[in-house]
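Chemist: To start, I am sharing the structure in question, which I have written as structure tokens.
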Amino acid sequence: MSNVLYELKKISSKNIVAPKGFSAAGIHCGIKHKKKDLAILASEVPASVAGVFTTNAVQAAPLFVTKEVVYNTGKMQAIIVNSGNANACTGKQGMADAYEMQKLAANKLGISPSYVGVASTGVIGEMMKMEPIRTGVEKLQLGKSLENGIDFAQAILTTDTVMKNTSYSTLIDGKEIIISGTAKGSGMIEPNMATMLGFITTDANIESKELQAALSEITELTFNAITVDGDTSTNDTVIVMANGLAGNDPLSPSHPDWDNFYRTLKAVAEDLAKSIARDGEGATKLIEVKVDGALNDEEARKIAKTVVGSPLVKTAVFGNDANWGRIIAAVGYSGASIDPEKISIKIGPALMVQNGEPIPFSEEQLTDILKSNEVKITVSLAQGDGHGLAWGCDLTYDYVQINASYRS
């Protein structure tokens, strides 16, 4: 068989339940006042699983439970998720509550608790309200419809303003495989990882080891390339479940169609990451920073992340101010190797700095560019072959208002 790169097909009107064998549900159980706050995602059969988690030294109880499933069991058949309470910094009782959630979901589905992950998001330091969860789990009715996937996507949201869903299909061994994702995240987004939950499903046949390697690599290029406010959360989790029901031969880097799988998984992850950056708390614009000519890719990503995370750059974009000095300053303090006399900077198509020197530009043109809902900044370093991308959002008055009253 020869390696053939198939066109990725983005599937509209599809969500987390699109791959074969997955079902979901989401309801309001009473953790939050009115909005949906309890959800479950399940596979008909135990699925290969991969996961990436926050690097914050303070980690919420559900992460310990889910890590046991990912790293010890190596298979996951379901994950139960709540919003409105992070179950973080809640001590021994928090751990007991996380394990109870795992057991409640397992009993609901008639499967082993060792196949069930747990994820929580919301306020830190408050004990979990378990009675609403106990009664809520009984009320969950899993289904495979688009509406079931929407219910799931809504139930995991906190300060998000929109749901975050995406689906793609490709061909593996001549068979269609689908990869779908749902995420939440709006504030405290400085990954490695951030206040975000991401769930990706696929019917591809792949062992957990290969899936974990692919997810870890792709995370560096996607989820770890976004920033909203520089804060790293206690609960961040991205889980991929692959149940194999598409019936392809097991995937590995030596499989002729590996690149099709990898590109599709990366497309899903990138869509979710950009949708989180775009929906930053109070945000009005997505900012994309592209760096080329760095010494290596790692340095390029470091610079891109520093620029897009700069509060001064973010506020300039919000104010439609073409202040390229803030961009070059962020490049300078990124910690990467640079030569100031070789730096060139563009905002959109407009060249503003060339070889470290300013280029005359039209304020009117730049204002129009900055008024768009997606602003692209390009930094060229002319030092090597390194390339990197990062995404973020502008910093607005609404961000302060939202976070000044988060618990009220």
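Chemist: So if the hydrodynamic radius of segment 253-408 is defined as the Kirkwood radius over C-alpha pairs, what does Stokes-Einstein give as its diffusion coefficient at 37 °C and 0.692 mPa s, in µm² per second?
Modeler: Values: Rh = 16.5 Å.
Approximately 199 µm²/s, per Stokes-Einstein.
Chemist: Also: Once you've got the GNM for the chain with C-alpha springs shorter than 10 Å, pick whichever of 183, 242, 294 has the biggest mean-square fluctuation.
Modeler: 294
Chemist: Any idea what angle helix 297-309 forms with the longest principal axis of the chain, computed on alpha-carbon atoms, 0 to 90 degrees, nearest 10?
Modeler: That works out to roughly 90 degrees.
Chemist: I'd like the accessible area for residue 387, computed on protein heavy atoms only with a 1.4 Å probe and all protein chains in place. Round to 10 Å², please.
Modeler: 110
Chemist: Please work out the FRET efficiency for the pair residue 382 and residue 315, using the Cβ-Cβ distance as r and a Förster radius of 30 Å; give the result to the nearest 0.05. Numbers along the way, then the final one.
Modeler: Numbers: r = 29 Å, r/R0 = 0.95.
With R0 = 30 Å, the Cβ-Cβ based efficiency is 0.55.
Chemist: Strictly over 31 Å apart at the Cα level, which of 10/290; 35/371; 175/285 would you flag in this model?
Modeler: Working: 10/290 24 Å; 35/371 33 Å; 175/285 39 Å.
From the list (10/290; 35/371; 175/285), the Cα-Cα distance tops 31 Å for 35/371; 175/285.
Chemist: Next question. Quick one: plug the Kirkwood hydrodynamic radius of segment 1-124 (C-alpha pairs) into Stokes-Einstein at 20 °C, 1.002 mPa s, and report D in µm²/s. Display every interim value, and only then the final one.
Modeler: On the way: Rh = 15.9 Å.
After rounding, the answer is 135 µm²/s.
Chemist: To the nearest µm²/s, what D does Stokes-Einstein give for the chain at 25 °C and 0.890 mPa s, using the Kirkwood radius over alpha carbon pairs as Rh?
Modeler: Values: Rh = 21.8 Å.
Here the translational diffusion coefficient equals 113 µm²/s.
Chemist: Give the calculated FRET efficiency between residue 57 and residue 249 to the nearest 0.05, with a Förster radius of 45 Å applied to their Cβ-Cβ distance. List each step's numbers first, then the result.
Modeler: On the way: r = 41 Å, r/R0 = 0.92.
Efficiency, from the Cβ-Cβ distance: 0.65.
Chemist: While we're looking at this one, here's another question. How long is segment 112-191 along each principal axis, judged by its Cα atoms, biggest number first, in Å?
Modeler: 50, 34, 26
Chemist: Next question, about the same structure. So, taking all protein chains as they sit and a 1.4 Å probe, how much accessible area belongs to residue 8, in Å² rounded to tens?
Modeler: Spelled out: residue 8, probe radius 1.4 Å, area about 50 Å².
Chemist: When the accessible area of the chain is computed with all protein chains present and a 1.4 Å probe, what percentage of it is carbon and sulfur?
Modeler: Working: 8340 of 16420 Å².
Carbon and sulfur atoms account for 51 percent of the accessible area of the chain.
Chemist: What FRET efficiency, computed as 1/(1 + (r/R0)^6) with R0 = 45 Å and r the Cβ-Cβ distance, is obtained for residue 147 and residue 354, rounded to the nearest 0.05? Write down the numbers at each step before the final one.
Modeler: Working: r = 53 Å, r/R0 = 1.18.
Efficiency at R0 = 45 Å is approximately 0.25.
Chemist: How much length, in nm to one decimal, is gained on full extension between residue 175 and residue 114, taken as 0.36 nm per residue of separation minus their Cα-Cα distance?
Modeler: Values: separation 61, 0.36 × 61 = 21.96 nm, distance 3.08 nm.
Once the chain is fully extended between residue 175 and residue 114, it gains 18.9 nm.
Chemist: Consider a paramagnetic label point 7 Å from the Cα of residue 9 along Cα→Cβ; state which residues of segment 158-180 have an amide N under 16 Å from it.
Modeler: 167-180
Chemist: Counting only Cα, what are the radius of gyration and maximum Cα-Cα distance Dmax of segment 86-245, in Å?
Modeler: Computed over the Cα atoms of segment 86-245, radius of gyration and Dmax are 16.6, 50 Å.
Chemist: Do me a favour and compute the ellipsoid semi-axes for segment 226-324 from its Cα gyration tensor, root of five times each eigenvalue, largest one first, whole Å. The partial results should precede the final answer.
Modeler: Working: eigenvalues 225, 63, 29 Å².
With the √(5λ) rule applied to segment 226-324, the semi-axes are 34, 18, 12 Å.
The values are calculated or read from the model by the stated rules, or taken from the named source; none is laboratory data. Predicted, not measured: the structure shown is a model, and the values here were computed from it. As a convention, Cβ positions derive from the backbone with ideal geometry for all residues, glycine included, and neighbour counts pool all protein chains shown. The accessibility values were calculated without ligands, DNA or RNA, using every heavy atom of the protein model including side chains. Shrake-Rupley method; radii C 1.70, N 1.55, O 1.52, S 1.80 Å.
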